[in-house]
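The values are calculated or read from the model by the stated rules, or taken from the named source; none is laboratory data. Since the model is a prediction, treat every value here as computed from it, not as a measurement. All Cβ positions, even for glycine, are placed from backbone atoms using ideal geometry, and neighbour counts span all protein chains on display. These area figures cover heavy atoms from the full protein model, side chains too; ligands, DNA and RNA do not enter into them. Shrake-Rupley method; radii C 1.70, N 1.55, O 1.52, S 1.80 Å.
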Amino acid sequence: MLSTYEVWFVTGSQGLYGEETLRQVSDDAKKIAAYLNDAPEIPVRVVFTPVLTTPEAILALADKANAHSACIGLITWMHTFSPAKMWIAGLKALRKPVLHFHTQFNREIPWNTIDMDFMNLNQSAHGGREFGHIMSKLRKQRKVVAGHRRDPKTVRSIATWLRAAAGWHDAQGAKVARFGDNMREVAVTEGDKVQAQIQLGYSVYGYGIGDLVEHVDAVDEKEAARLVEEYEEMYDVDAPLRAGGEKRSSLLEAARIELGMRSFLEEGSFKAFTTCFETLAGLAQLPGIAVQRLMASGYGFGAEGDWKTAALVRAMKVMSEGVDGGASFMEDYTYHLAEGRNIVLGAHMLEVCESVADRSRIAVEVHPLSIGGKPDPVRLVFNAASGPAVNATIVDLGNRFRMITNEVDVIEPEADLPKLPVARAFWVPKPDLVTSATAWILSGGAHHFGFSRALGAEHMEDFADIAGIECVIIDEETSIRKLKQDLRSNEVYYHLSKAL
Ligand code: MN
């Protein structure tokens, strides 16, 4: 999907320099746009747009970008000085995310040949500051990336923002299907859905399980049998579920549920969904493998009615498209608190996406759920692959949404877990489990979150900035004393900022 998106490369200048200089500005801008477009890290098409020299042209471009369905944002660059009053109307009108690329065409000063013509042409160093000033004065949210395009850090930082902007673009007008309701008495999975639509762009649609059951009942038996064959080709199917096995019918039922859910979600053009084990009447099993495979197809998911996490997991799916590491719904389940070796076991009752799996072994198994009182659900069981990852959640604090993000290192389990019937991940959070858990809890972070090895804290920070929501990052630098002060300051800031 990212390949259908575009970012517009927008260059500012002014009429004072004459046509020859402006032609050069245009040529250089085309080259930078092409360089970014060709960079393998850049996930969307970079489209050059004609150099802007008047307030009218800037406003017209902003209006065009707002209305363009494939345009996920603007990368702006001031090759020369571009007096920033020209930008006020356009920036006020612009509703797409914007990145200010503070760079210049040449990498080095041409010591022997530099003259006043060169100086006039290459004024980004102060032109970018004039532009940045008006953005600050307008309180215009943007990402600033400073540096030369040939510095890999620069392209990486732009690519990160583009992925966040793509996740944001996808969320605008997105539909989340909520099968059943919230798990009774649970606080954090709820929130203000109308405010979420205003702030985050997606809309939550509630359905009774009966609506879903109609789709499951309509599944063709041959199609279900074909899907079971696919399971057998892709995974290591446990003996009781194989042909002739005593639990074979559970596997067919699981396949019917997957096909029914998929047809429901496709028919309604949903991008994410939630289930709840307390509201399942009419469905034979809590959807396990169905949810896991739908997530692998790109759907966001939240259990127990958690629509905020479902939408966030969807955004993380879009943001991580094409990058190894996957993205999944996840929950802190239980701890290993050995002296000097503190580890989190992350899992859920069933629903962890196979995109995060160590693919050396993915088993299909059926076991009792232990709670909920339904027949045993079929699920994929695996270990998550190791490497650096990020956990991110969004909570509703009543007067605002807050994202909490924690950098973690996913590790291999220390031993086999022959009796654990769920997919799981093991990680060591930064800066350490004790500080991370303290910081997450003080921030009001949920027990549900999106988990991804394809993304980092900067992706989530860029996303939160675009969304205009609070962002708490827990990383190597986190100190509890400073975090407490930040949370107190944010309480004031987010109260007052509504008036700014
Ligand atoms: Mn849960």
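Return yes or no: is residue 265 open to solvent by 10 Å² or more (accessible area, probe 1.4 Å), part of a helix (DSSP H, G or I) and assigned by TED's automatic domain parsing to the domain that holds residue 376? Spell out the reasoning first.
On the way: open to solvent by 10 Å² or more (accessible area, probe 1.4 Å): no; part of a helix (DSSP H, G or I): yes; assigned by TED's automatic domain parsing to the domain that holds residue 376: yes.
No: the conditions fail for residue 265.
Quick one: count up the residues across segment 46-89 that are part of a helix (DSSP H, G or I) and in contact with a Pro (Cβ under 9 Å, 6 or more places away or on another chain). Please lay out each step first, then the result.
First pass over segment 46-89, keeping only residues part of a helix (DSSP H, G or I): 55-67, 84-89.
Narrowing the set further to residues that are in contact with a Pro (Cβ under 9 Å, 6 or more places away or on another chain) leaves 57, 61, 85-89.
The total comes to 7.
Out of curiosity, is residue 75 closer than 21 Å to residue 164 by Cα, modelled with pLDDT of 95 or more and either in the same structural domain as residue 323 (by TED's automatic domain parsing) or surrounded by 19 or more Cβ atoms within 10 Å (Cβ to Cβ) (or both)? Explain how you work it out, then say what you get.
Working: closer than 21 Å to residue 164 by Cα: yes; modelled with pLDDT of 95 or more: yes; either in the same structural domain as residue 323 (by TED's automatic domain parsing) or surrounded by 19 or more Cβ atoms within 10 Å (Cβ to Cβ) (or both): yes.
Yes, satisfied.
Which pairs have Cβ atoms under 6 Å, sit 6 or more apart or on different chains, and link a residue in segment 179-190 that is small (Gly, Ala, Ser) to one that is open to solvent by less than 80 Å² (accessible area, probe 1.4 Å) and more than 13 Å from the ligand (Cβ to nearest atom)?
That search, which allows pairs on different chains as well, returns 180/209; 180/279.
For segment 396-424, what are the residues that are in contact with a Lys or Arg (Cβ under 9 Å, 6 or more places away or on another chain), crowded, with 22+ Cβ neighbours inside 10 Å and of a type in the set (A, V, I, L, M)?
Of everything in segment 396-424, those that are in contact with a Lys or Arg (Cβ under 9 Å, 6 or more places away or on another chain), crowded, with 22+ Cβ neighbours inside 10 Å and of a type in the set (A, V, I, L, M) turn out to be 408, 410, 423.
Checking residue 313 against (1) at pLDDT 95 or above; (2) more than 16 Å from the ligand (Cβ to nearest atom): exactly one of these is not met. Which one?
The failed condition is (2).
Can you tell me how many residues in segment 230-252 are open to solvent by 40 Å² or more (accessible area, probe 1.4 Å) and under 24 Å from residue 212 (Cα atoms)?
5
If you check 272, 296, 347, 338, which single one turns out to be within 19 Å of residue 237 (Cα to Cα) and either surrounded by fewer than 24 Cβ atoms within 10 Å (Cβ to Cβ) or among the aliphatic types (A, V, I, L, M) (or both)?
Values: 272 fails: within 19 Å of residue 237 (Cα to Cα); 347 fails: within 19 Å of residue 237 (Cα to Cα); 338 fails: within 19 Å of residue 237 (Cα to Cα).
One residue alone meets the criteria, 296.
Go through segment 28-45 and count every residue that is in a helix (DSSP H, G or I), open to solvent by 50 Å² or more (accessible area, probe 1.4 Å) and more than 12 Å from residue 8 (Cα to Cα).
Filtering segment 28-45 for residues in a helix (DSSP H, G or I) gives 28-38.
Narrowing the set further to residues that are open to solvent by 50 Å² or more (accessible area, probe 1.4 Å) leaves 30-31, 35, 37-38.
With the extra rule that they be more than 12 Å from residue 8 (Cα to Cα), the set shrinks to 31, 35, 38.
So the count comes out to 3.
Conditions: (1) within 16 Å of the ligand (Cβ to nearest atom); (2) closer than 26 Å to residue 225 by Cα; (3) modelled with pLDDT of 95 or more. Residue 304 meets all but one. Number of the miss?
The single condition residue 304 does not satisfy is (2).
Output the helices (runs of 4 or more DSSP H) that fall wholly within segment 433-500 and possess 2 or more residues being out of contact with any Pro (no Cβ under 9 Å at 6 or more places or on another chain) and under 30 Å from residue 349 (Cα atoms), or say none.
Details: elements: 433-442, 457-467, 480-496.
Here the list reads 433-442, 457-467.
Which residue out of 128, 167 is at pLDDT 95 or above and out of contact with any Lys or Arg (no Cβ under 9 Å at 6 or more places or on another chain)?
128
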